[in-house]
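The values are calculated or read from the model by the stated rules, or taken from the named source; none is laboratory data. For clarity, every value in this text was computed on a predicted model and none was experimentally measured. Note that we place each Cβ from the backbone using ideal geometry, even for glycine, and neighbour counts take in every protein chain shown. Quick note on the areas: whole protein, heavy atoms, side chains included, nothing else; ligands and nucleic acids left out. Shrake-Rupley method; radii C 1.70, N 1.55, O 1.52, S 1.80 Å.
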Amino acid sequence: MNHTPASAGTTRIPGRRRRTPRSMAAALLGGVLPLLASLFLLAPTPAAAASLTEVTGFGTNPSNLRMYEYVPDNVAARPAVLVAVHYCTGSGPAFYSGTEFASLADRYGFIVIYPSATRSGACFDVSSPQALRHDGGSDPVGIVSMVRYAQQRHNADPNRVYVTGASSGAMMTNVLLGDYPDVFKAGAAFAGVPFGCFATTDGSGWNSACANGTITKTPQAWGDLARGAYPGYQGARPRMQLWHGTDDGTLRYPNFGEEIKQWTNVLGVSQTPVLTDRPQPTWTRTRYGATGNQAPVEAISVQGTGHSLPAAGMAARAITFFGLDAG
């Protein structure tokens, strides 16, 4: 799942400390009046612009993930938190620089957490029995620790926690919504597979049958897999936005339909869309359970596109689905 977002190279660069336009000595040599020189001397030093920061010691972390966070200069007093999960061979800093989520955080004042996988291949664990149950261990536990750190450190709003990801990160988005429906309010998965589809019992992190799109289940069976991750949980379930390219040769396109089956079942809505439209010429969007921007399930099929999501403009659609651009 080697994946480079199509928006790479188009996003913002971490800011640098702004230099004072003219030093005090230059001002004096230029013949500036003493009063103006005094005012210049008393002017505050510009603050450093926001940048990606690594956090250590953030809590329970059984698989030794690394945590990076982006806190915008205009962070809200009670900010939302978005976890943005990278693809295989990627990293938190690469996903930061290659996607548009940080620039959207600048606009809307939410915090972005970028986990980094440290195992060989830099894929996230979406296969082991530990990863597929609530508080079972492995990567999901470490990622939730990052969220709880942000809630404590930045007074973040526990009712506005979201997750998105590409490829391996999209699979982790599905896993986190199954494992922790009490933590995440919605997810946006770019080129992923259903919760539990990649499960293995032999220690392998790769499931060829799932990747090739040959695992099919009934909506009820898929829903039971997701619900079974947290036995006894009776609370609200997170909404899901799904994206997939029709020409995806890595995690093949049939997985898109299986994800729709799973999350419409989990959220208790019909598999028949209540709205179908084309926000862009190559996109076919279907909404399930409601017609608005925060429908229970929203699915976008991208015609003629391979394993290269998110492309430019897609992150903004995810932010709208989460409701982070409101107000």
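Screening the stretch 108-137 for residues that are farther than 20 Å from Phe198 by Cβ and in contact with an Asp or Glu (Cβ under 8 Å, 6 or more places away or on another chain) and picking the one that is most open to solvent (accessible area, probe 1.4 Å) gives Tyr108. From the list Gly196, Gly235, Gly213, the lone residue that is under 16 Å from Asn255 (Cα atoms) and surrounded by fewer than 22 Cβ atoms within 10 Å (Cβ to Cβ) is Gly213. Among the numbered conditions (1) hydroxyl-bearing (Ser, Thr, Tyr); (2) surrounded by fewer than 20 Cβ atoms within 10 Å (Cβ to Cβ); (3) in contact with a helix residue (DSSP H, G or I) (Cβ under 8 Å, 6 or more places away or on another chain), the only one that Tyr288 does not meet is (2). Checking each residue in the stretch 154-171 for being in contact (Cβ under 8 Å) with a residue 60 or more places away in the chain and open to solvent by 10 Å² or more (accessible area, probe 1.4 Å) picks out His154, Asn155, Asp157, Arg160, Tyr162. Looking only at the stretch 253-268, count every residue that is surrounded by 18 or more Cβ atoms within 10 Å (Cβ to Cβ) and either in a helix (DSSP H, G or I) or basic (Lys, Arg) (or both) and tell me the total. Adding up the residues that qualify gives 11.
Only one entry of Asp202, Asp224, Asp248 meets the criterion of being part of a helix (DSSP H, G or I) and out of contact with any Phe, Trp or Tyr (no Cβ under 7 Å at 6 or more places or on another chain), and that entry is Asp224.
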